[in-house]
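Structure, as structure tokens:
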Amino acid sequence: MYRDPQRWGITLQTYIQLTMLDVHTRPMKMRTRMMERSIYSARYIFVENLFRSGKMHEADFAVLSEWFDWILKTIPFPLDTIVYLQTRPETCLKHLQARSRHEESFIPLDYLKSLHELYEEWLIDKTLYSIPTPVIVISADDELEKIQEKLASLHLNLRPKNGLTSLHKDC
């Protein structure tokens, strides 16, 4: 997808939307389910980014958007909280480089910046799309141990009604 987004963007995002729907609607085994990203970020951030950057055709964007809208109207999956791990794009790039995953080696800083801007528009400025639930923002430019401490203390304060918390990070 990173090498040829015009060709693979719609394929990947369709699959992501399907798998996110599966995760959101899967029966709960525990009181709380914390998931990385959500069907909302798949549409509002990643699909939006492909479209805005000219890497997704308008027709593909319209089809994914229609599916997304239909899913929201038809299949209830209440989300209690969004936890946004707010991270500078430069920090994200360092994390990607440290992980050294082959599939992530093609991700440029400009791509991370565009994702970050969309997250900021959506979850901080509240100007991109509506937010389905309260948002908790945690600065995640710190070392991993400090971020884990923040998340651990946060988890104690979460009292989910429906048990579903979505964790969003720029990278």
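The values are calculated or read from the model by the stated rules, or taken from the named source; none is laboratory data. What you are looking at is a predicted structure, and each value in this text was computed from that prediction instead of being measured. Positions of Cβ are generated from backbone atoms using ideal geometry, with glycine treated the same way; all protein chains shown enter the neighbour counts.
Residue 123 - would you say it is within 21 Å of residue 50 (Cβ to Cβ) and either in a loop (DSSP other than H, G, I, E, B) or touching a His at 6+ places or on another chain (Cβ under 8 Å) (or both)? Even if it seems obvious, please write down each step before you answer.
Numbers: within 21 Å of residue 50 (Cβ to Cβ): yes; either in a loop (DSSP other than H, G, I, E, B) or touching a His at 6+ places or on another chain (Cβ under 8 Å) (or both): yes.
For residue 123, the condition - within 21 Å of residue 50 (Cβ to Cβ) and either in a loop (DSSP other than H, G, I, E, B) or touching a His at 6+ places or on another chain (Cβ under 8 Å) (or both) - is met.
Looking only at the stretch 1-57, count every residue that is in contact with a Ser or Thr (Cβ under 9 Å, 6 or more places away or on another chain), of a type in the set (D, E, K, R) and outside any helix (DSSP H, G or I) and tell me the total.
Looking only at that region, the number is 3.
Taking the stretch 97-112 on its own, how many of its residues are crowded, with 16+ Cβ neighbours inside 10 Å and assigned to a helix (DSSP H, G or I)?
Of the residues in that region, 2 qualify.
Kindly indicate whether residue 32 is within 21 Å of residue 140 (Cβ to Cβ), at pLDDT below 95 and hydroxyl-bearing (Ser, Thr, Tyr).
yes
Can you pull out every residue in the stretch 97-138 that is more than 30 Å from residue 76 (Cβ to Cβ), at pLDDT 85 or above and of a type in the set (A, V, I, L, M, F, W, C)?
Of everything in the stretch 97-138, those that are more than 30 Å from residue 76 (Cβ to Cβ), at pLDDT 85 or above and of a type in the set (A, V, I, L, M, F, W, C) turn out to be 98, 107, 109, 112.
Somewhere in the stretch 75-87, is a residue within 22 Å of residue 1 (Cβ to Cβ), in contact (Cβ under 8 Å) with a residue 40 or more places away in the chain and part of a helix (DSSP H, G or I)?
No; the residues of the stretch 75-87 include none that is within 22 Å of residue 1 (Cβ to Cβ), in contact (Cβ under 8 Å) with a residue 40 or more places away in the chain and part of a helix (DSSP H, G or I).
Quick one: which of 82, 71 is surrounded by 16 or more Cβ atoms within 10 Å (Cβ to Cβ), modelled with pLDDT of 90 or more and under 25 Å from residue 135 (Cα atoms)?
On inspection, the qualifying residue turns out to be 71.
Taking the residues in the stretch 16-50 that are of a type in the set (Ser, Thr, Tyr) and within 20 Å of residue 118 (Cβ to Cβ) as candidates, determine which candidate is surrounded by the fewest Cβ atoms within 10 Å (Cβ to Cβ).
The residue in question is 44.
Name every residue in the stretch 1-24 that is in contact with a Pro (Cβ under 9 Å, 6 or more places away or on another chain) and of a type outside the set (A, V, I, L, M, F, W, C), in order of residue number. Spell out how you get there, then give the answer.
Just the residues of the stretch 1-24 that are in contact with a Pro (Cβ under 9 Å, 6 or more places away or on another chain), to begin with: 2, 12.
Once the filter is applied, which keeps residues that are in contact with a Pro (Cβ under 9 Å, 6 or more places away or on another chain) and of a type outside the set (A, V, I, L, M, F, W, C), the stretch 1-24 yields only 2.
How many of the residues in the stretch 121-141 are surrounded by 15 or more Cβ atoms within 10 Å (Cβ to Cβ) and either free of Cβ contacts under 8 Å to residues at least 24 places away in the same chain or closer than 23 Å to residue 99 by Cβ (or both)?
3
Restricting to the stretch 142-157, count the residues that are surrounded by 12 or more Cβ atoms within 10 Å (Cβ to Cβ), assigned to a helix (DSSP H, G or I) and not basic (Lys, Arg).
Within the stretch 142-157, residues that are surrounded by 12 or more Cβ atoms within 10 Å (Cβ to Cβ), assigned to a helix (DSSP H, G or I) and not basic (Lys, Arg) number 5.
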